[in-house]
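The numbers here are math on the coordinates, done by the rules we state, and not lab data. Here the structure is a predicted model, which is why all the values come from computation and not from measurement. No Cβ is skipped: glycine too gets one built from the backbone with ideal geometry, and neighbour counts run over all protein chains shown.
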Amino acid sequence: MSETLRNFANTYLMWNEGPLIWGSDVLILLTIIGIVGVLTYFKKWRWLWDEWLTTVDHKRIGIMYLIAALLMLFRGGVDAELLRTQLAIPGNHFLDAAHYDQIFTTHGTIMILFMAMPFIFALFNIVVPLQIGARDVAFPYLNAVSFWLFFFGALLFNISFVFGGSPDAGWVSYPPLSELGFDPGPGENYYLLGIQISGIGSIATGINFLATILKMRAPGMSLMRMPLFTWSVLGACIMIIFAFPALTVALALLLLDRVAGTHFFTMLHGGNPAMFVNLFWIWGHPEVYIVVLPAFGVFSEVVATFARKRIFGYASMVSSLILISVISYFVWVHHFFTMGAGPDVNTFFAIASMAVGIPTGVKVFNWLFTMWRGRIRLSLPMMWTLAFIPTFAIGGATGVMLAVAPADYQYHNSYFLIAHFHQTLIGGVVFGMLAGMYYWWPKMFGFKLDERLGRWAFWFFNIGFYICFMPQYALGLMGMQRRMYVYPADMGWNTLNLVSTIGAYLMGIGFLFIVAQVVYSIRHGERDLTGDPWDGRTLEWSLPSPAPHYNFAVIPVVTDRDMWWILKREGREEELMPRPEEVKDIHMPKNSGVPFLMGVCFFVGGFGVVFNWWWLAVAGLAGVLLSLLSRSFQYEEEYSLPAEKVIETEISLGRL
Amino acid sequence: MATHETGAASGSGAAPRHAHSGDGHSAGKYVLGYVASLVLTAIAFGLAFTHTLTPSPLVLVLLVLAGFQILVQLFFFMHVTEGNGPAFHSVAILLGFVFTFAVVLMSMWIMTFSSQVA
Ligand code: HEM
Ligand SMILES: [Cu+2]
């Protein structure tokens, strides 16, 4: 008996690995006990279920995405600090090779798929319907399904850490390394299933927001009157729809190789590992633009608002967005120039890669011209936007260097590359999402985040960023490869590595300031009573903060781009206030527990596949089918919110 | 979606839903499409499993079958010929074709090196 128990503990719980894992187990257990305890003590279970787990309201789904993204930023950040701690000094033994591999794999995967993706989806959800004058997204129920698939996919991935072992073949998970022969543990399966499940959710989100933007705009809002953030979401959705299927296929085939004995990506039996690399990057490159386009959208909104000027060159902004979405679909080979595809292939993709720089440059100049002679206010969203511009410009320049195929043979997989993509991902995506979070936070929660603490966070994070990543360009040119867990003392890399690690700690402190800022502001943050704390330009600022759950009591008729701004200048705000005789009954989608349960079933089924416990996999899949079926027989999926109720709410909000 | 009103225009709630009642997509059409796609898949699998063809003609045949599969999807399930929706429907289909062909043809182009090194 005790023998079996010990066996179980060692194989699945990895207790033979020592205090680090015990400590994590204890922490996780305490956290769970804490959460359950608080919910029970304050009798909040019902509230949790009714208001959150079953919600189909895009604003609440957005908030849940935001919370998940911040938690994952924390987990990915801790991973990053561990990696940098190991690299701080030569010959270090803080982590061994196996742990280092696991940690850079989970760090990369989490940051891209479970931090950046939910962060952009958070803003999609919170902002898009309000900006286009809609009451919800096109398919609110599907939206909930998307969220729960993301959530349980991320949970499945994260649980590998304490049950069975983390994946360790890099976030790109190339075969043959990721094939069964070289990587027998369950970690890779966790990677494949976690991403696959959340990926289904992402495709659904892409479809949902594409339909929302094309079909649900308020009357009068032609495409060319749409706010630029909404435009950027449209671009990102098109890319999601066309790029994610390639990932789905790549992961599914690799999974078949691992669990069903096929040979799609093995060298024996006619398989070809290079095809995985190809499929992965057909998704992978568009993916980096999927996460950065919405950030561009945020910057466009923020620059116009905080410079109090109309965005410079709106039409060129839109066309460069579209150009970026299309061109970035034709550049994927720049991730594997060294695979040996020959000069003709490499030349084509090198030129296409450099071409993406042109529309991106157009956008940067438009932001600068918008600020030119504007009356700029340096609030937090604007500070992050200003910090983005030089950071992204350097990242873009080093990107063009990497796109020079022959030169890439020198930098490929070196710290030069690491510095480049962190510069664009952090400087573009993270800065952008933080700017967006600060900007729309009052709209979500009804209060502003504290400026003073936010400035500390900003400076720590930015100074830390440069101290951390600038030395890495030099390290790369000096020959330091990525994914090295240890290096000898006589390479001349010591000082730069130590400096880089110090920078990483400074960024960590910056993150802690953000946490402190949120906690402090919940109590003491400036309340937003007007609904328009930044003197905004677009429709969402015409609503109270937070917006009532039906958003618009009366759907506005849009006559202009930046309509709210124009109405304010001309003293016509009244036109967007509801008049009682115009308020009608509103059809609202009903809450449903099925999306959550479907997520649970996906989780159970995925877990079964990870360990090849087929009975569990089948049970999970059966659950998924049942939830689909139950939805097909649900006829009453809407309810009617009577006009009197709406009027009551509007009166209590002081709008009538 | 062509028959739906936008939420805004109808002044109603969230989603355009349950509209299809009178547009007459008969079940027969779906069954036919489903069977056709199964048959096409079965042929492709059969050819790949039994090694009746040498690689290059096999790839060609598989590509043609895949092309038919796309047509089945478009005509039987997505009803491309029926809607009279706005222009972006055509743009979307066109874009889809561009991306599909780009991915398939360019992947083959990129992968030619492996036959050279093999
Ligand atoms: C505090 C900020 C961060 C620090 C200090 C940091 C540090 C690191 C380090 C040390 C590595 C491993 C390098 C190696 O040994 O090859 C790494 C890899 C990586 N990071 Fe970060 N990182 C940070 C934030 C981010 C963010 C925000 C993203 C994406 C949005 C990101 C994406 C990645 C990816 C994709 C990899 C590659 C993983 C792999 O090699 O498979 N990182 N990072
Ligand atoms: Cu790329």
Mean shadow area of the stretch A:179-304, taken as a quarter of the surface of its Cα convex hull (nm²)
9.4
Can you give the extra length, in nm with one decimal, that the chain gains between B:Phe45 and B:Leu32 once fully stretched, where that is 0.36 nm per residue apart less the Cα-Cα distance?
2.7 nm
Point-to-point label distance, A:Asp535-A:Thr495, nm (Cα→Cβ direction, 7 Å offset)
4.8
Honestly the stretch A:1-148 on the Cα gyration tensor test (a ≥ b ≥ c root eigenvalues; a/c under 1.5 rounded, otherwise a/b vs b/c for prolate or oblate) is just oblate
Label point at A:Ala516 placed 7 Å out along Cα→Cβ; residues across the stretch A:427-453 whose backbone nitrogen lies under 14 Å:
A:450-453
For A:Glu638, residues with placed amide H under 5 Å, excluding near neighbours:
A:Lys590
Lysine pairs within chain A, Cα separation less than 23 Å, 8 or more sequence positions apart or different chains
19
Nitroxide proxy distance, nm - points 7 Å out along Cα→Cβ at A:Thr347 and B:Phe68
4.0
How high is the FRET efficiency from A:Ile651 to A:Ala622, r the C-beta distance, R0 51 Å, rounded to 0.05?
0.55
Quick query: amide H of A:Ser414 versus all other amide H atoms, modeled in the peptide plane; which residues come in under 5 Å with a sequence gap of 5 or more or a different chain?
A:Arg482
Would you mind classifying the stretch B:28-83 by shape? Square roots of the alpha carbon gyration tensor eigenvalues, ordered a ≥ b ≥ c; an a/c under 1.5 is rounded, otherwise it is prolate if a/b is larger than b/c and oblate if not.
oblate
Within 10 Å of each Cβ in A:206-214, the average number of Cβ atoms from other chains:
2
Give me the extension gain from B:Leu58 to B:Ser107: residue separation times 0.36 nm, minus the current Cα-Cα distance, reported in nm with one decimal.
16.0 nm
Taking the convex hull of the Cα atoms, report for the stretch A:100-255 its projected area averaged over all directions, in nm².
9.2
Mind checking the stretch A:182-244 for chymotrypsin sites (Phe, Trp or Tyr not before Pro) that DSSP puts in a loop (not H, G, I, E or B) and that have at most 13 other Cβ atoms within 10 Å?
A:Phe182
Enumerate the whole-percent occupancy of each 5 Å bin, from 0 to the last occupied one, for all C-alpha pair distances of the stretch A:335-466.
2, 9, 16, 17, 16, 13, 9, 7, 5, 3, 1, 0
If each DSSP helix of 4+ residues adds -39,500 (n - 2.57) and the sum is divided by the residues in the protein assembly as shown, what number results at 222 nm, nearest 500 deg cm²/dmol?
-22000 deg cm²/dmol
Expressed as a whole-number percentage, the relative contact order of chain A with C-alpha contacts under 8 angstrom and at least six residues apart is 16
Partner shielding of B:103-111, as the mean number of partner chain Cβ atoms within 10 Å, equals 6
What does the charge add up to near A:Ala307, with Lys and Arg as +1, Asp and Glu as -1, over the other residues with Cβ less than 13 Å from its Cβ?
+4
Any idea how far apart A:Val78 and A:Glu644 come out in nm if each label point goes 7 Å out from Cα toward Cβ?
5.3
What order do you get for A:Ser353, B:Ser114, A:Ser173 when you list them from fewest to most C-beta neighbours inside 10 Å?
B:Ser114, A:Ser173, A:Ser353
Quick one: putting +1 on the C-beta of Lys and Arg, -1 on the C-beta of Asp and Glu, what dipole do you get for the stretch A:483-569 around its Cα centre, in Debye to the nearest 20?
60
Okay, which of the stretch A:178-198 sit inside 13 Å, backbone N to the point 7 Å along the Cα-Cβ direction of A:Asn413?
A:178
Indicate the gyration tensor shape class of the stretch A:421-544 (rounded, prolate or oblate), computed on the Cα atoms with a ≥ b ≥ c the square roots of the eigenvalues: a/c under 1.5 is rounded; otherwise a/b larger than b/c is prolate and the rest oblate.
prolate
Cα extents of the protein assembly as shown along the principal axes, largest first, in whole Å, come to 75, 68, 64
